[in-house]
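For reference, the structure is listed below as structure tokens.
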Amino acid sequence: MTDCELVRRMQQGDMQAFDTLYERYKDDAYRLACLITGSRTDGEDLAQEAFVACAQSIGSLRDGAKFRPWLLRTLSRAAWKYCRKARRETPVSEFFDENTGESALSAVLRTEEQRRLYAALRTLDEKRRVVVVLYYFDDRSVKEIAQATGVTEGTVKSRLFSARRHLRQALTAGETEPREAVSHE
């Protein structure tokens, strides 16, 4: 059953349709909320709140085929509002599961690289960070990001270009900083 049909049924009071839409998009919503807030717990809460908000205002959705972008736009706005209010930073270690098949050195190098990437991501403003998260972490197309954020495709491309340049500078600046010499005495 298509999103359009499910939305129409939901607008007529069929809560089974809501359950179907929830099952279809809960993982996408949770992943986006976690990446924006930096917390799995907060991400779960915000994803559920976004579904509730969408269910309560489902009557205002004219094109049921656009349910997913509408949900993600609602969620991303709520998540950014939450982040501004809570002034939280991403606890990077929360996102990486233990991988028992790699050496300790590989794990340290991987973790350090990820820490640097997330630190660089935190330096982006909210508008650029959300397009980076949707594009690289959620594998969304420019068109899907434009629909989800309510901006034009050109704006998404511009934000991605600017974010890439900023991230490249932030990551290469960290590589060129002198490291403390290790004494072998």
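The values are calculated or read from the model by the stated rules, or taken from the named source; none is laboratory data. Every value quoted in this text rests on a predicted model; they were computed, and no experiment measured them. Methodologically, a virtual Cβ is constructed for each residue, glycine included, from the backbone with ideal geometry; neighbour enumeration extends over all protein chains shown. Protein only, heavy atoms only, side chains kept; ligands, DNA and RNA dropped before computing areas. Shrake-Rupley method; radii C 1.70, N 1.55, O 1.52, S 1.80 Å.
Can you spot a residue in the stretch 138-146 that is part of a helix (DSSP H, G or I) and of a type in the set (Ser, Thr, Tyr)? Within the stretch 138-146, none of the residues are part of a helix (DSSP H, G or I) and of a type in the set (Ser, Thr, Tyr). Selection within the stretch 68-97: residues that are at pLDDT below 50 and not in a helix (DSSP H, G or I). The member of this set that is least open to solvent (accessible area, probe 1.4 Å) is 90. Residues 34, 4: which one is open to solvent by 10 Å² or more (accessible area, probe 1.4 Å), touching a Gly at 6+ places or on another chain (Cβ under 7 Å) and part of a helix (DSSP H, G or I)? Of the residues listed, the single one that is open to solvent by 10 Å² or more (accessible area, probe 1.4 Å), touching a Gly at 6+ places or on another chain (Cβ under 7 Å) and part of a helix (DSSP H, G or I) is 4.
Screening the candidates 139, 125 for the property of being modelled with pLDDT under 90, surrounded by fewer than 11 Cβ atoms within 10 Å (Cβ to Cβ) and under 30 Å from residue 74 (Cα atoms) yields one hit, 139. For the stretch 40-67, a residue qualifies if it is in contact (Cβ under 8 Å) with a residue 24 or more places away in the chain, under 14 Å from the mean Cα position of the chain (by Cα) and open to solvent by 20 Å² or more (accessible area, probe 1.4 Å), and the qualifying residues are 40, 42. If you go through the stretch 147-185 and keep only what is acidic (Asp, Glu) and either at pLDDT 90 or above or assigned to a loop (DSSP other than H, G, I, E, B) (or both), you end up with 153, 177, 180, 185.
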